[in-house]
Amino acid sequence: MDVPSAEYHRLTVRRPKQLPKGLDALAQSLTGSVDRHSGRTKRLWAQVDEIQKEAEGLENLSDRHLRERLQEHHDAFRRSRGDVPERVPQALALIQEAAFRTIGLRPYPVQLLGALAMHEGCLAEMATGEGKTLTAALTAVLAGWSHQPCHVLTVNDYLAKRDANNFKPLYRFCGLEADCVTADLEPQHRRRAYGAHITYTTSKELLADFLRDRLQLQRVSDPQRRLIRHILRPTLAARESLVLRGLHAAIVDEADSILIDEAVTPLIIAQPRANPMLVEACEAARHVAGKLESGRDYTVDLRYREIKLTDAGKERIETLANDLPPVWRGPGRSQELVEQAISARELFLKGRQYVVQDEKVMIVDEFTGRIMPNRSWSEGLHQAIEAKEGLPVTEPNETVARMSFQRFFRLFPKICGMTGTAWEARNPFWRIYSLPVVRVPTHKPCIREVMRESVFATSEEKWTAVAASVNEIHQQGRPVLIGTRSVEASEKLAVRLEALGLHFNLLNAVRHEEEARIVAEAGLAAKITIATNMAGRGTDIKLSREVADAGGLHVIATERHESRRIDRQLFGRAARQGDPGSAQSFVCLEDELFRRFVPETVRNSLAGVSGGIARKPFLTALNAAQRAAERHAFRGLRSVLATDTWLDESLSFAQDIGGA
Amino acid sequence: MAGNARMFSEHWYRVSDQRVALRAGVRTRRQVYRGEVWRVLYDPFGNQFFRLRPAAYEFVSRLSPKRTVEEVWKECLEIMPDEAPGQSEVIQLLAQLYLSNLLQLDLPPDAQQFFERYRKRKSKERKSYISYIMFARFPLFDPDDLLNVLKPYGKAIYSKIGMLVWLGVIFSAIKVALDNADALVDQSQGILAPGNLFLLYGSLVFIKALHEFGHGLACKRYGGEVHTMGIMLMIFTPIPYVDATSSWAFRKRSQRMLVGAGGMIFELFVAAIATFVWASTGPGVLNAVMYNMMFIASVSTLLFNGNPLLRYDGYYLLSDMLDIPNLYQRSQQQLRYLAEGKILGRPNVKPASPYRGEQITLAVYGVLSGLYRIIVFGGIILFVSRRFLLAGIVMATICVVSWIIMPTVKYVHYLFTDPALERNRFRAIGISLAAAICVVALVGIVPFPSSFTAPGTIVSTPFVEVPARASGYLKGLETPANIAVQPGTTVVSLLDPEWDFEYRAEEAMLRHTDALYRRSLHRDTADLSIIEEHRAVMQQRLHRLRERRDNLQVRVPAGGQWLPGALEDLDGIWVDRGSVLGYVLNPERHQFVAVISQDEARWLFDEAGIRRARIRLRGSAQAPLEATGWRVIPAEQRELPSPALGWYGGGELAVAEDAREGTEAAQTFFEMRVDFDQNEDLSVLHGRTGRMRIRIAPESIWTQASRRIRQLMRRER
């Protein structure tokens, strides 16, 4: 058993403030905008100058002296729990020198700026290839010195392992232990890894471990009560093995993808439990749904991914309801069930939302194209899809614990992060996580050439133009990276490129290491790579001399994404670190963004003039649609949070493990 | 309404393994609503109520610490597959029960959470105190023991015989009141006089205290408990209240209704007794107090307590009568449903009731109560602002902010950000915009008939004043009133006792002069011419005196109808020369002279300005006189056409304070002389006052209202 204070830290979870409403929300967003204009960057730059002044002459210091001085800061940070702002510049100067001696990298001023911003609890916007991992390491040292748990969260296991190993020498030099937690790690090793000063892991692992820990607590999460309990019944304590050391500081890499894009996706700890009622119902519902016709009995709403039953459809269901198990015969229930069966048929498509492997339905992440083996849809949807595919219907998983990243990260007292694209989402970052965004400039000026956006009426024209454009650049001997929005789109393009006789790499549902390798290879001369937008995030595309001379990497975006950030991420793959490069996007009226967020009348009128397509109104509509999509997403974040909060308050008797 | 909620919920795991049950002390009562058996859960300690629909009760009643929620739910599904609540409904239900403190948990009590909840509740209460400061309640004591003592009386009162006696008393009181109707109306004028306010308030507190005991006793009578009595602020006026909510759990509708009506039963009874006392006493304090009680009981019963459109006793009565609990909330819900679902096209909104008839009732009630509220508050504001302009402005500002500005801001916010409107935002914004444009057009652009009123008096045209040509004591009327007279007819005679002396002295002087004259003829012829001159002067004086004597007989200068001033009772008073004793009128032609204030003057000189004018004479308002022609005297006036129009004469126009006749207006005005159609039935007499409503060119409501407000401000200045 730990000392009581360690136990206390392990178990105490911060209770996040409620999201402000009404005028308070207005006031909060005002303070956010005041904060952005308060000259934080200027002040941080001044500190960077200070660090550089401090750094003068340090190269002549012997290793032993450097260690001693680092240790001195280490002690000061530990004693004051990391709250010694006056020591930060000198400490960073020393760490910078240590980084150079241990791993051969000397942080640029922009990286120092990023580290300072993160140490202040901001979100640093740093372009890809600007050395975010080193920046994170600098911050991690400062956070680790306080001896409170510090988690560095990467996008995947591979990066967690790689970064932890890469920076271990630096941490050791600074007197810190670093370790990493990956999916395949056993619990007892996890406990040790989390025990390190600095732990590299993915957000999913961390949240899952947090939930599992909480499940073990069995509702007695109050440290004092647990202490008494353990003193009274020592056997209980021995049986427990909590792995986490508590939540304190988190450094989140690719913060926008975790804190915004995936924020509402809950992580669910589940166990299968027999539910014959549901299984039977799904089979019957599929049967009933088979007798209904689109248009006559129901309509499909693509924008909201919803099925709406028509009155005729409702009547039909009523007449067919006798085929259903008795529980489901009432009008409300039968409609609900059949609706689900229809949406399994209409909205969830094989190859797009899921694939079938070994007689099992596997969910495919629409954005990365990656198969997610252990995921399943909730509330009978999974079963409905299995029924539709004629597979044996599996027992539904029963949730035992669930939590969204959004709620989880709000539990951290200290959170900071970095990403290539944050500015567009500064409002949600501030409103939900109280994270101010600091834009860090690139080390070398960016010379990316962004070409005019090409607009088309039909997707047919668009893909033809994309293929032609790929061919043209390819002839110049330059590498081309084509970003697609979905797996389906990348396959469409692959067919066309094959027809042109071009060789290419298709990045699609593979393991992380390989994914990173393919993306890294995308910079080779005359290489053509097709990848979904999110694939290979965090991997550098290095250019050879010859490629750079030919004009660098060319990036083609084949569609606009729901968020401007993701478009920018894709473009950011070209012309990094001062390299040459270019980018162009191709959009058409049939893109999903248009279909979902532009009213049909507007689309039709745009198509009306689209002999040669009027660029201006087209792009205006496109931008408006993108904004609408962003707002829609933000509202989604907020409403999920509101529901969670309501549940917490009114179900506090059935205490969720997230609550304190 | 069963089963509409989703069957499965992703949050189910939070409750599925819980073992919960209703707390031991919670009592259950059956209540029948619209043929459905509902159960009311009642917690006597916390005084909490919770109404459950049948299927929900089936579920809740099966909860036990021995079984998990999941097990109970499954059992319910088996027993009543179609009716049983879905998972999300169960979660809702448990959450609500928990928040009402009706659940017993198997959770080891977590003190920290208890305190946290307590703190939250306290701070919520404090907040609601501040926001309801106008209607804050301060509990004072527990009247239960007192009511127990009084219980036998309560039983007697709320019995068949008691109610018959009550009816008898009430009807005879109504008869007495009708018999004395004119006195009743007369006395109402002084009800808000400053001197009466204290008595009025005292009566109010007394009668309301009895009212509350009425509720309390009725509640006791049927076995309820009453534990709180205190003071409630109603628009800053402290008034007693009692907490009779335990009656909500009464099984019988009639009993619940009787508790609701108990207050008014007592109040009206007191008012009836007061009527008898009032009718049999002469003016005095007792009489005034009784009158106040009658006034309060009847007015408050009609306008507030008994009126179901405001949320007082009448509301609960109606709610029970219609068998619609939470009438107000649900009517709001229904209106919301109509507005959101039917007009804005928001999907998935549900009507407040599954029954069509009930839906209509709810909608009608919602609209009526909203209108009534606006009228009552509008009336109060107008009433207050007439007396205390500043207070009126403050109240009006609060109302405008809380009824117009805040809802508009909220609505716009809702329109643009509410996720529920996501799919229909275009349509919703379009419709709202169209509605807003309609309202703006209706208020700001579309002209509506507009008019203003002006006081005035009937004047005969022409009319001739009959002045006293000499001073003297009034001796009497020579010609009775309203008689046609010829020019020169004596109408009034005056008496001047001085005249006799003067005349005799002058005569003596003349005789003396005559004597001197005759003597001079003999002796001094040289003096003769002087004496002659002297004598001529004397004779002239005598002539004038005789003229004066003639003038004491007041004669009319022109022919017409003789209308004396108010002289009958004034025999013997002194009349100065020149004062008007009466008029000779032209009975053939009358005009109405209207006094038009500066505020409205601009209409008078606008060719197309005045469309039509209609005169209503005081006392004959039911028969208006249509104006046929008018002429405005294009100069500002100060002298009122009749003192009856000024403050001193009981009129409404301010007059200069130093003017004794009370005809000099405080502000200059324009005079408008109006010809009108004679009405056979109406005696149009010179001097009758009235009001003229002048219809002017149509104006938008906005222009009219802002003009009115400007005038109100100016008047106050």
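Which translational diffusion coefficient, to the nearest whole µm²/s, is obtained for the protein assembly as shown from the Stokes-Einstein equation, given a Kirkwood hydrodynamic radius over C-alpha pairs, 4 °C and 1.567 mPa s?
Numbers: Rh = 40.9 Å.
For the chosen part, D equals 32 µm²/s.
Would you mind putting B:277-285, A:112-120, A:85-93 in packing order, based on average other-beta-carbon counts within 10 Å, highest first?
A:112-120, A:85-93, B:277-285
Can you give the average number of partner chain beta-carbon atoms within 10 Å of each beta-carbon in peptide B:11-19, as a whole number? Present the calculation step by step, with values, prior to reporting the outcome.
On the way: counts 8, 3, 10, 11, 3, 4, 2, 4, 0.
Shielding by partners across B:11-19 averages 5.
Can you list residues from other chains, or at least 5 along the same chain, whose modelled amide H is less than 5 Å from the amide H of B:Glu225?
Under 5 Å from the amide H of B:Glu225 lie the amide H atoms of B:Ser246, each far enough along the sequence or on another chain.
What FRET efficiency comes out for B:Gln486 versus B:Ala635 if R0 is 45 angstrom and r is the Cβ-Cβ distance? Round to the nearest 0.05.
On the way: r = 35 Å, r/R0 = 0.79.
For B:Gln486 and B:Ala635, the calculated efficiency is 0.80.
Which entries in A:Lys17/B:Lys120; B:Lys124/B:Lys208; A:Lys204/A:Lys542; A:Lys291/B:Lys342; A:Lys21/A:Lys414; A:Lys291/B:Lys74 show an alpha-carbon gap greater than 20 Å? Let's see the in-between values first.
Working: A:Lys17/B:Lys120 14 Å; B:Lys124/B:Lys208 29 Å; A:Lys204/A:Lys542 29 Å; A:Lys291/B:Lys342 31 Å; A:Lys21/A:Lys414 23 Å; A:Lys291/B:Lys74 30 Å.
Where the Cα-Cα span goes over 20 Å, the pairs concerned are B:Lys124/B:Lys208; A:Lys204/A:Lys542; A:Lys291/B:Lys342; A:Lys21/A:Lys414; A:Lys291/B:Lys74.
What FRET efficiency would be calculated for the residue pair B:Leu382, B:Glu116, taking the C-beta separation as r and a Förster radius of 51 Å, to the nearest 0.05?
Working: r = 48 Å, r/R0 = 0.95.
Efficiency at R0 = 51 Å is approximately 0.60.
Beta carbons within 10 angstrom, averaged per residue: use that to sort the peptides A:469-478, B:585-594, highest first.
Details: A:469-478: 16.6, B:585-594: 19.9.
Ranked by mean Cβ neighbours within 10 Å, highest first: B:585-594, A:469-478.
Using θ = phi - 60° and the Karplus curve 6.51 cos²θ - 1.76 cosθ + 1.60, what whole-Hz ³J(HN,Hα) does each residue of region B:194-200 get, with Gly and Pro shown as x?
Couplings: x, x, 8, 4, 5, 4, 4 Hz.
Peptide A:328-338: average number of partner chain Cβ atoms within 10 Å per residue? List each step's numbers first, then the result.
Working: counts 4, 3, 9, 4, 9, 10, 2, 2, 7, 2, 0.
Partner-chain Cβ atoms within 10 Å, mean over residues of A:328-338: 5.
Quick one: if you stick a label point 7 Å off each Cα along the C-beta vector at B:Leu322 and A:Leu347, how many nm between them?
Here the modelled spin labels are 3.8 nm apart.
In the protein assembly as shown, what percentage of the DSSP-assigned beta bridges are antiparallel, given to the nearest 5?
Values: 102 of 151 bridges.
Of all bridge pairs located within the protein assembly as shown, approximately 70 percent are antiparallel.
Any idea how far apart B:Val364 and A:Leu227 come out in nm if each label point goes 7 Å out from Cα toward Cβ?
Each label point lies 7 Å from its Cα, and together they span 6.9 nm.
Could you list B:His512, A:His74 in order of exposure, starting from the residue whose Cβ has the fewest other Cβ atoms within 10 Å? Please report the intermediate quantities before stating the final value.
On the way: B:His512 13, A:His74 21.
So the ranking, lowest neighbour count to highest, is B:His512, A:His74.
Write down the Kirkwood hydrodynamic radius of region B:134-313, to one decimal in angstroms, obtained as one divided by the mean of 1/r over all alpha carbon pairs. Provide the component values of the computation, followed by the final result.
Details: mean 1/r = 0.0586 Å⁻¹.
Taking every pair of different Cα atoms in region B:134-313, averaging 1/r and inverting gives 17.1 Å.
Zone of B:Arg707 (label point 7 Å along Cα→Cβ, backbone N under 15 Å): which residues in region B:625-646?
none
With angles folded into 0 to 90 degrees, how steeply does helix B:144-157 sit against the dominant principal axis of chain B? Use alpha carbons for both and round to 10.
Tilt of helix B:144-157: around 70 degrees.
How big is the dipole moment of chain B about its Cα centre under a simple scheme where the beta carbon of each Lys and Arg is +1, that of each Asp and Glu is -1, and everything else is neutral? Debye, nearest 20, please.
3280
What spacing in nm lies between the two simple spin-label points modelled at A:Ser434 and A:His632, each 7 Å away from Cα in the Cβ direction?
Calculated label separation equals 3.2 nm.
Give the separation of the Cα centroids, region B:521-583 to region B:444-480, in Å.
After rounding, the separation between the Cα centres reads 30 Å.
Taking a ≥ b ≥ c as the square roots of the Cα gyration tensor eigenvalues, with a/c under 1.5 meaning rounded and otherwise prolate when a/b beats b/c, else oblate, which class fits region B:13-128?
Numbers: a/c = 2.06, a/b = 1.34, b/c = 1.54.
Since a/c reaches 1.5 but b/c is at least a/b, the shape of region B:13-128 is classed as oblate.
Could you tell me what % of all Cα pairs in region B:342-445 have separations over 18 Å?
Working: 3609 of 5356 pairs.
The calculated P(r) of region B:342-445 puts 67 percent of pairs beyond 18 Å.
Would chain A count as rounded, prolate or oblate if I go by the C-alpha gyration tensor, calling it rounded below 1.5 in a/c and otherwise prolate when a/b exceeds b/c, oblate otherwise?
oblate
Other chains' Cβ within 10 Å of B:82-92 residues: what's the mean?
Working: counts 9, 1, 3, 0, 3, 1, 0, 0, 0, 4, 2.
Mean partner-chain Cβ count within 10 Å for B:82-92: 2.
Out of the trypsin sites (Lys or Arg not before Pro) in region A:152-243, which ones are loop residues according to DSSP with at most 16 other C-beta atoms within 10 Å?
Details: sites: A:Lys161, A:Arg162, A:Arg172, A:Arg190, A:Arg191, A:Arg192, A:Lys204, A:Arg212, A:Arg214, A:Arg219, A:Arg225, A:Arg226, A:Arg229, A:Arg239; in loops: A:Arg219.
Filter output for region A:152-243: A:Arg219.
If I fit a long axis through the Cα atoms of helix B:327-336 and take the longest principal axis of the Cα atoms of chain B, what angle between them do I get, 0 to 90°, rounded to 10?
Its long axis makes an angle of about 90 degrees.
So what's the back-of-envelope 222 nm ellipticity for chain A, counting only DSSP H runs of four-plus at -39500 (n - 2.57) apiece and dividing by all residues, rounded to 500? Before the final figure, lay out each step's value.
Values: 26 runs with 321 residues, N = 660.
When only DSSP H runs of four or more count, the value is -15000 deg cm²/dmol.
If we count every other residue with Cβ under 13 angstrom of B:Glu212's Cβ, Lys/Arg +1 and Asp/Glu -1, where does the sum land? Mind dumping the intermediate values first?
On the way: positive: B:Arg137, B:Lys208, B:Lys220; negative: B:Asp243, B:Glu267, B:Asp313.
That sum, taken over residues with Cβ under 13 Å, equals 0.
Helix B:528-552 against the longest principal axis of chain B: what's the angle in degrees, Cα atoms only, rounded to the nearest 10?
30
Please label the shape of region A:360-512 as rounded, prolate or oblate, based on the square roots a ≥ b ≥ c of the eigenvalues of the alpha-carbon gyration tensor (a/c under 1.5 means rounded; beyond that, a/b larger than b/c means prolate, else oblate). Don't jump to the answer; show the numbers that get you there.
Working: a/c = 2.61, a/b = 1.16, b/c = 2.26.
Oblate.
What's the FRET efficiency of B:His522 with B:Glu465 using the Cβ-Cβ distance as r and R₀ = 60 Å, to the nearest 0.05?
Numbers: r = 55 Å, r/R0 = 0.91.
So, using R0 = 60 Å, E works out to roughly 0.65.
Which percentage, to the nearest 5, of the DSSP beta bridges contained in chain A is antiparallel? Please report the intermediate quantities before stating the final value.
Working: 17 of 65 bridges.
Rounded to the nearest five, the antiparallel share is 25 percent.
Any read-out appearing in this document is the output of simple, stated calculations on the displayed coordinates, not a laboratory observation. None of these values were measured; they are calculated from a predicted model. Please note: Cβ atoms are built from the backbone with ideal geometry, for glycine as well, and neighbour counts cover all protein chains shown.
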